[in-house]
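Encoded as structure tokens, the structure appears first; notes follow it.
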């Protein structure tokens, strides 16, 4: 039940979060920017448009958008949003489902036989390979004290710890997971979601041969992934607004929205303040994130919290 | 030592025999069938081999009968092993006793059954595929190949069932030698003979260490028992104490790691697997490597006494070897562009993952956490079964590609999904399983391995916690790189446009697809119901949780059984639900499809790929090397890729080259820096020994005389 609520909230609110980030970024850069609701219009328009499919492709290219959307939405359903409910949201499964989406997208890119999509796939798989250890290190830094990789149990254990879960160890883990969130959502400094220069794009590069309805599905899936990752960070680090932690439903809803808004604005700020990294320096950034996860455990042992 | 054998043998043998009979009597009442069937099956494989030889005049009939029987025997082995695991049946059979202290016997216990399950499932699938795949060997010694294949399966099963040091070593050596004959089946080729030599040399290096380790253990154990139960019971009173146990452990670790292909002893693996016929590589990679892991588990958890008495550095050492093998194995796999070599390096990676499970189990047991240790061993065993399945599937798929296109080089493949759609789909299942993607079985066992590493936190020691986190991060890196590698392997082979004239005319034989389908279904079932699968292995994993209290009665396994029951319950509770996630994903995907259909159809047009306005040519696509370029650069400090400018013609030196030729690649650093210097040193030593071994009879007589003198002086 809570899974379905998480799923619906993620799918319905994902374009709104995207619009919020774009608008914030535009304002920070002294631009007017598109309306906040523009991503809804974009997805809606794409879903009703015809598409051009490369002659070289097989069924993999056609099936990939559905696999990507399905697996990403399933990942979103694992994230505790309003309350924990039935417990089946596992951290490793979350990572695995995101990996399924990435795998399908990279295969679709290879199916298109274009050097640009191939370049995107090569880079995406390379980056994701170094994102995985950072993600697991960040999650393990939280899971080790709680003794579980179940998101629901994890966030409740953290809520039960009270202010202890705001100790330095927690902040190091938060920093690790924020870096991972930037990489997972394909944002500056790892990737640039706004570029249309073939040589610099990663995620967009893989989608270069998609158009119309399948592109709309891919775009929606990317937004769902973004809201799921940010929602997860919110649930793990500010768990007190969850229903099981004693908050009423309205507070749970407001808390969820507020956490997403704050994290979204943070992403927009980071994107404005930083330039895209040269791709060969991306592993350093993610290696730092993994090291922060390890340091978080050390800090917890040394300082408590 | 020899005199102590003869003195205490009669008593020890008598007591052992009575214990055998006791154990046998009690167990036969409870579970008569499954273990008895399992013990008989090596003979059944032998019958398949014999049939292949008898029908040698008619190669096609020989092939169908031999592989058909092997498939059935494989299924029977899997069923019997499952019966043993679920019923916890044990059995010991003494076969014969040629000299007073040499006994040959077979024994079935849950640990052996866990590995026999992997053997049975993989052999069944691979043998079905071999029915069609081996057709092109019909006129190239097909019957010999089929007979050796059946013998290979028989010897591997014997290794798992052997009771006692002699039986084990003889089965082990038989397996190695039959393996050599299989690897060198196409011995007309230079490459094959060289690979065979490396295989044989490394196999015997490993066997040497195992012989030393096991016989040292026998010599140090009071009463010098040769059967496993006697060794395990006497482990507490080993002469020399902990130092002996440490030395035995290290010797066995080195020996078994050589066979398992753990870094840095993996060098034979990427040579031997590609040159063997594909159904043989499937069995070698899927099953033979696992017999080494079985040996390691047998020694570490059973023969050296309960793992709770082991020092924790044993576990850390195994864990470190596992992590090193996992990361380096997958990195070198990414750099490969020979499909079968790539798969061979992935075996190194997966052996590493299994070793992570075993190592974590040893560490946890040594810190006094038996239940979590059992979970870690269950993770290792589960991954053993899973790897046997998906690696066999992938090797059979690679064989089908090789057979259809006559090349294994990824740089020459592409677009095979059009002529071979079903082979491609089945290969994709294997690729997703090995990349640890839910809801397939690779994910389930890696999930369990992550839980085992999380379990290290149960010790409450910060250093151990951080060790667990580092292990988990490296395991995650491994699975991320594996996903990249299989995007490459599947995408470059089956998707896009053909990169050369190596284009197949049609699908692979239906039996090949049927064998692959069998393995793929098994991958999916084990992935969707991981709780049941790992709980079935729980009784085998209970071995890791044995207490170090001295067990006097060998037949008494009740303590372990109780722990097994606890562990099974624990594994059922600690579960993840990939099936539910699959349900949600399907719901969303189908829902999206239905909603979009309701929105109305949209025009779909076929168009050309956009490549900056040029005409698309296949050479524009990324090949295998290009795809891995980003990762090669990310890990350049580890891999040290090389590029040498071989020729250059300048239009205007040094700024405008007219034509440049470069050669490059990723050198095998371990071979260059470890094996080559060792080889040279050995050769130099051999050269100097030639002064002694000079071929003159007079000198040899002198040596004999000298040796006699020395012996006489020494023994007095």
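Comparing Cα centroids, segment B:265-321 and segment A:108-154 end up 29 angstrom apart. Counting beta carbons within 10 Å around each of A:90, B:139 and listing the fewest first gives the order B:139, A:90. To the nearest ten degrees, helix B:241-260 and the longest principal axis of the Cα atoms of chain B are 40 degrees apart.
Can you tell me the FRET efficiency between residue B:612 and residue A:163 if r is taken as the Cβ-Cβ distance and R0 is 56 Å, rounded to the nearest 0.05?
Numbers: r = 58 Å, r/R0 = 1.03.
So, using R0 = 56 Å, E works out to roughly 0.45.
For peptide B:444-452, the mean count of partner chain Cβ atoms within 10 Å of a residue's Cβ comes to 3.
Averaged over peptide B:413-421, the number of partner chain Cβ atoms lying within 10 Å of each residue's Cβ comes to 2. Protection proxy ranking for B:648-656, B:519-527, A:134-142, B:168-176, using the average of other Cβ atoms within 10 Å per residue and placing the highest first: A:134-142, B:519-527, B:168-176, B:648-656. For the pair segment B:502-541 and segment B:438-478, the centres of their Cα atoms are 25 angstrom apart.
Per the Cauchy relation, a quarter of the hull surface: what is the mean projected area of the convex hull of the alpha carbons in segment A:2-303, in nm²? That works out to 14.9 nm², a quarter of the Cα hull's surface. As a proxy for reagent exposure, ranking B:412, B:136, B:204, B:273 by other Cβ atoms within 10 Å from fewest up yields B:136, B:204, B:412, B:273.
Once both labels are positioned 7 Å from their Cα atoms along Cα-to-Cβ, the gap between residue B:710 and residue B:597 label points is 8.6 nm.
Using only Cα atoms, tell me the angle between helix B:462-494 and the longest principal axis of chain B; keep it within 0 to 90° and round to the nearest 10. The helix B:462-494 is inclined about 50 degrees to chain B. Among A:58-69, A:109-120, the peptide with the highest mean count of other Cβ atoms within 10 Å heads the list, and the full ranking is A:109-120, A:58-69. Spin-label model, residue B:205 to residue B:56: label points 7 Å out along the Cα-to-beta-carbon direction sit 3.5 nm apart. For segment B:569-716, rounded, prolate or oblate, judged on the Cα gyration tensor with a ≥ b ≥ c (square roots of eigenvalues), a/c < 1.5 rounded, else prolate if a/b > b/c? Oblate shape, in that a/c is at least 1.5 and b/c is the bigger or equal ratio. Extending 7 Å from Cα along the Cβ direction at residue A:258 and again at residue B:702 yields two label points whose distance is 9.7 nm. Other protein chain C-beta atoms within 10 Å of residue C-beta, averaged over B:591-598: 4.
Based on other C-beta atoms within 10 Å, arrange A:49, A:225, A:25 from fewest to most. Each step should come with its number before you reach the end.
Details: A:49 14, A:225 26, A:25 23.
Going from least to most buried by this count: A:49, A:25, A:225.
Maximal additional length on extending the residue B:648-residue B:669 stretch stands at 4.8 nm, based on 0.36 nm per residue less the C-alpha distance. Could you state the number of Å between the C-alpha centres of segment A:39-76 and segment A:231-305? That distance is 29 Å.
For chain B, the longest principal axis of the alpha carbon atoms and the long axis of helix B:510-528 meet at an angle near 70°.
Taking every DSSP helix (H) stretch of at least 4 residues in the protein assembly as shown, weighting each as -39,500 (n - 2.57) and dividing the sum by the residue count yields a mean residue ellipticity at 222 nm of -23500 deg cm²/dmol.
Contact order for segment A:2-303, expressed relative to its length and based on alpha carbon pairs under 8 Å spaced 6+ residues apart, stands at 30 percent.
Shape analysis of segment B:669-715 places it in the oblate category; the axes a ≥ b ≥ c from the Cα gyration tensor give an a/c of at least 1.5, with a/b not above b/c. Highest mean packing first, where packing is the average number of other Cβ atoms within 10 Å per residue, the peptides B:341-352, B:618-629, B:423-434, B:178-189 line up as B:341-352, B:423-434, B:618-629, B:178-189. Given a Förster radius of 25 Å and the C-beta distance between residue A:29 and residue A:8 as r, what FRET efficiency does 1/(1 + (r/R0)^6) yield to the nearest 0.05? Given R0 = 25 Å and the Cβ-Cβ separation, E is 0.15.
Any read-out appearing in this document is the output of simple, stated calculations on the displayed coordinates, not a laboratory observation. Quantities reported herein were computed from a predicted structural model and do not represent experimental measurements. Every residue, glycine among them, receives a Cβ derived from its backbone with ideal geometry; neighbour counts consider all protein chains shown.
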